[in-house]
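First comes the structure, then the notes that go with it.
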Amino acid sequence: MGQVSLHTCDRIRELYSASLDGELSELDSARLHAHLSVCSGCSTYAAATASASRLVRETPLEQPGFPIIVPGRRLAVARKLQMAAAAAALAVTVGLSAAVATISGPSATRSHRSTLQSQKLRFPDQELRMLERSTSSARSHPRMAL
């Protein structure tokens, strides 16, 4: 008859699992039994699965010694509100970051220009005058002083 593909065996094992739960159609049941009669690997799988299923079904249920509490709807609503608040906080943070970047943009450009000017200086006298000017402007503006 030839070798059975692994894909076919995987499908048959899914069908066997459904048959244990009583969820198999007549056509699929006929396919299952026909395959099990020719495939020893699937027959072994079916026997092992049937015994495991029988063991699970015959084992008595245990009652836990502690109460199990399922969270109510109130907790789910609170979680949704928390998520909404977190999303709003994130939106505000991004908006403020964009606003600060827009506001501080020109001053950053100015400092970049002054850096370029200082790089262009070739004489120590010019550098010294520039330092004196920046020191005097820092004294006149206390907030800018380090």
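For the reader, a short list of remarks on this structure follows.
- Residues located in segment 27-78, provided they are surrounded by fewer than 11 Cβ atoms within 10 Å (Cβ to Cβ), assigned to a helix (DSSP H, G or I) and among the acidic types (Asp, Glu): Glu58
- Met1, sole failed condition from (1) farther than 22 Å from Arg57 by Cα; (2) loosely packed, with under 14 Cβ neighbours inside 10 Å; (3) modelled with pLDDT of 90 or more: (3)
The values are calculated or read from the model by the stated rules, or taken from the named source; none is laboratory data. Computed from a prediction, not measured in an experiment: that's the story for all the values here. All Cβ positions, glycine included, derive from the backbone under ideal geometry; neighbour counts span all protein chains shown.
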